[in-house]
Amino acid sequence: MNHIREPVVAGQFYEKDPRELRKRIEWCFKHPLGPGKLPTEKGEGFGVIISALVPHAGYIYSGPAAAHVYYALAQQEKPETVIILGPNHTGLGMPISLYAKGGWKTPLGVLEIDEEVSKILLQSEIIQEDYLAHSGEHSIEVQLPFLQYIYDSEIKIVPIAMMDQRYDTAKKVAEAIISAINKVNKKIIVLASSDMTHYEPYDVAKSKDTEVLQLIEDMNVEEFYKHVIHENLTICGYGPTMVSMMIARHFGGTGLILRYYTSGDITGDKSLVVGYASVIFGKGIIKPLKKSERIKESIVPV
């Protein structure tokens, strides 16, 4: 297999030893800010997930938030392919970079690239085959051990790094992915990798993220983009987030926030924090009623 990408943040963002890495992932699932249980323990249904937003910091920080998405995915039928979009933090490579061949290695094994899907995506003028952009980028890599934990290494992946995160670009990327999904007879899930507000005081970050997460949950892509740009928000993966929303909206999905917290909730230091959110988009996903709405529903006749 050509183009085997070696892990670049193993031992930094997550453990390098396979046994310790599995222990850390289980810690994320069992954490009070996580689902509180392992994905082997079945829980409530989550409908049919089309796409999701998942954070990408070190596991001790964002891992419990990320675990909510992977717990939900574990309740679903296993996909054949996961398309993962992440922001390009390094500035290397092409504007929209597809790692089109080979595989990605983690301490838990190698995940093969879905070259059939990659070939279709490369027919789009916006997506280019490029390996430099992925050489030192962590936003996609940190998702892989979670995927391997819930699916082993039986699935294939399609990694896409977005340096160009403009609305029109996200729209073209979403259209290319939708076209690929429609052309292949495979179950495909799309993951957008992004953290929320970066390095602001706890109350400020929480206020900003709460407002923008409502736009994400409502899949209001246009207002989300305008808000990010107008307010100069520091969400690093707003391009991938828009792509995930556009794809879910195309296939008739709705959104649901599973968890939000900040690094301050983990460390106790709330002076400058980073926000982490997990959101799923899909069909049959029912948004839980707030307590006040339940009361109103019970006393107001239909």
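The values are calculated or read from the model by the stated rules, or taken from the named source; none is laboratory data. For clarity, every value in this text was computed on a predicted model and none was experimentally measured. Because the Cβ atoms are built from the backbone with ideal geometry, glycine has one as well, and the counts that use them run over all protein chains shown.
Scanning the stretch 159-207 for residues that are in contact with an Asp or Glu (Cβ under 7 Å, 6 or more places away or on another chain) and within 15 Å of Leu233 (Cα to Cα) yields Met196, Thr197. Please work out if Leu98 is crowded, with 24+ Cβ neighbours inside 10 Å and modelled with pLDDT of 95 or more. Yes: the conditions hold for Leu98.
Can you find, within the stretch 183-222, the residue that is surrounded by the most Cβ atoms within 10 Å (Cβ to Cβ) among those that are hydrophobic (A, V, I, L, M, F, W, C) and not in a helix (DSSP H, G or I)? Applying the filter and picking the extreme gives Met196. Just so you know, in the stretch 195-209 the residues that are in contact with a strand residue (DSSP E or B) (Cβ under 6 Å, 6 or more places away or on another chain) and of a type in the set (Ser, Thr, Tyr) include one that is nearest to Met246 (Cα to Cα), and it is Thr197. Of the strands (runs of 3 or more DSSP E) that lie entirely inside the stretch 45-99, those containing 3 or more residues that are in contact with a strand residue (DSSP E or B) (Cβ under 8 Å, 6 or more places away or on another chain) and farther than 19 Å from Thr254 by Cα span 81-87, 96-98.
When you look at Tyr149, is it in contact with a Gly (Cβ under 8 Å, 6 or more places away or on another chain), in contact (Cβ under 8 Å) with a residue 24 or more places away in the chain and in a helix (DSSP H, G or I), yes or no? Judged against the criteria, Tyr149 is not a match. One residue alone among Ala174, Ala161, Ala133, Ala180 is part of a helix (DSSP H, G or I) and over 16 Å from Ala248 (Cβ atoms), and that residue is Ala133. Applying the set (1) farther than 30 Å from Arg249 by Cβ; (2) not in a helix (DSSP H, G or I) to Arg19 leaves exactly one unmet item: (2). Are any of the residues in the stretch 198-208 within 30 Å of Val48 (Cβ to Cβ), out of contact with any Cys (no Cβ under 6 Å at 6 or more places or on another chain) and aromatic (Phe, Trp, Tyr)? No: zero hits. Gly253 fulfils the conditions (1) under 15 Å from Ser194 (Cα atoms); (2) in contact with a Ser or Thr (Cβ under 8 Å, 6 or more places away or on another chain) except for a single criterion, (1). Residues that are farther than 15 Å from Pro159 by Cβ and polar (S, T, N, Q) within the stretch 65-123 comprise Gln75, Gln76, Gln123, listed in sequence order. Filtering the stretch 223-252 down to residues that are among the small types (Gly, Ala, Ser) and not in a helix (DSSP H, G or I), which residue is surrounded by the fewest Cβ atoms within 10 Å (Cβ to Cβ)? The residue in question is Gly252.
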